[in-house]
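Written below as structure tokens is the structure these notes are about.
The values are calculated or read from the model by the stated rules, or taken from the named source; none is laboratory data. Everything quoted here is computed from the prediction, not taken from an experiment. As a convention, Cβ positions derive from the backbone with ideal geometry for all residues, glycine included, and neighbour counts pool all protein chains shown.
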Amino acid sequence: MTPLVLGSTSRYRRDLLQRLGLPFDVDRPEVDESPLAGESPAALATRLAEAKARAVAERHPGAWVIGSDQVADLDGRPLGKPGGRDAAFAQLRAASGREVHFHTAFCLFSTAQARPHAGLDLTTVHFRSLGDEEIARYLDAERPYDCAGSFKCEGLGITLFEAIDNRDPTALVGLPLIALSRALRAAGYALP
């Protein structure tokens, strides 16, 4: 079987990929994640997923490499990982009673192949109206400072929402496994 490498150090992506039962290695992509002038959140996620896959593939010739990126979008502006409580509080307050769009891209790339397999998933999260005390309680309980949008939908963060609209529930966590499975089968991996 052709070696498979996850070009990400995200524990969330690693845990998701483990669901597929394929052996894989992990390597850190060294990519500048700054948006380009005028770049949409969807274009940013797509560009970074491919850039990460290509960067890691250079160190793993012949392997298939998975790059992925997720950009949260509130009114067309990207929301990054908050990194701390104050930024997370501000993100959740801004999202209160509104929709946030999550663009989750992946790229399956090998230096031995002519073109990559890629995909982009859109998830819309409908936040309920949140009071400051609710936001504070949530942040104290889960500390989602390494998550775009300042929540963990697979944890207590699910209580912040009215609804989630998407085609693939794994995309919101960080890696769209339905589309990725299709790409892996096309690359020759045996999946059910």
Problem - Meets criteria (assigned to a loop (DSSP other than H, G, I, E, B) and more than 25 Å from G7 (Cα to Cα)) for G83 - result: no
Practice task
Please indicate, with yes or no, whether at least one residue in segment 52-62 is touching a helix residue (DSSP H, G or I) at 6+ places or on another chain (Cβ under 7 Å) and of a type outside the set (S, T, Y).
Solution key: no
Exercise for the section: Can you tell me which residue among A136, A95, A88 is surrounded by fewer than 17 Cβ atoms within 10 Å (Cβ to Cβ), touching a residue at least 12 places away in the same chain (Cβ under 8 Å) and more than 12 Å from the chain's Cα centre (by Cα)? Expected result: A136
Fill in the blank from the handout: Subset of segment 139-161, residues without any contact (Cβ under 8 Å) to a residue 60 or more places away in the chain and on the phi > 0 side of the Ramachandran plot, comes to R143
Handout entry: Residue satisfying all of: in segment 98-125; in a loop (DSSP other than H, G, I, E, B) and out of contact with any Pro (no Cβ under 9 Å at 6 or more places or on another chain); surrounded by the fewest Cβ atoms within 10 Å (Cβ to Cβ) among these
Key = A114
Handout entry: Answer residue from segment 1-25, given it is assigned to a loop (DSSP other than H, G, I, E, B) and among the hydrophobic types (A, V, I, L, M, F, W, C) and is farthest from Q70 (Cα to Cα) among those
Key = M1
Problem - Residues being free of Cβ contacts under 8 Å to residues at least 12 places away in the same chain and either under 13 Å from the mean Cα position of the chain (by Cα) or buried (at least 22 other Cβ atoms within 10 Å of the Cβ) (or both) - total across segment 162-192 - result: 1
Practice task
Looking only at segment 32-54, decide whether some residue is in a loop (DSSP other than H, G, I, E, B) and either touching a strand residue (DSSP E or B) at 6+ places or on another chain (Cβ under 7 Å) or within 14 Å of T9 (Cα to Cα) (or both).
Solution key: yes
Practice task
Mind counting the residues in segment 61-78 that are surrounded by fewer than 24 Cβ atoms within 10 Å (Cβ to Cβ), in contact with a Ser or Thr (Cβ under 8 Å, 6 or more places away or on another chain) and in contact (Cβ under 8 Å) with a residue 40 or more places away in the chain?
Solution key: 3
Practice task
Answer yes or no as to whether P23 is over 13 Å from the mean Cα position of the chain (by Cα), surrounded by 22 or more Cβ atoms within 10 Å (Cβ to Cβ), without any contact (Cβ under 8 Å) to a residue 40 or more places away in the chain and farther than 30 Å from E162 by Cα.
Solution key: no
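Quick grid of which residues meet (1) in contact with a Pro (Cβ under 6 Å, 6 or more places away or on another chain); (2) at pLDDT 95 or above; (3) part of a loop (DSSP other than H, G, I, E, B); (4) among the charged types (D, E, K, R):
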site: D140; (1), (2), (3), (4): no, yes, no, yes
site: C147; (1), (2), (3), (4): no, no, yes, no
site: C153; (1), (2), (3), (4): no, no, yes, no
site: E162; (1), (2), (3), (4): no, yes, no, yes
site: A171; (1), (2), (3), (4): no, yes, no, no
site: L175; (1), (2), (3), (4): no, yes, yes, no
site: I178; (1), (2), (3), (4): no, yes, no, no
site: R182; (1), (2), (3), (4): no, yes, no, yes
site: P192; (1), (2), (3), (4): no, no, yes, no
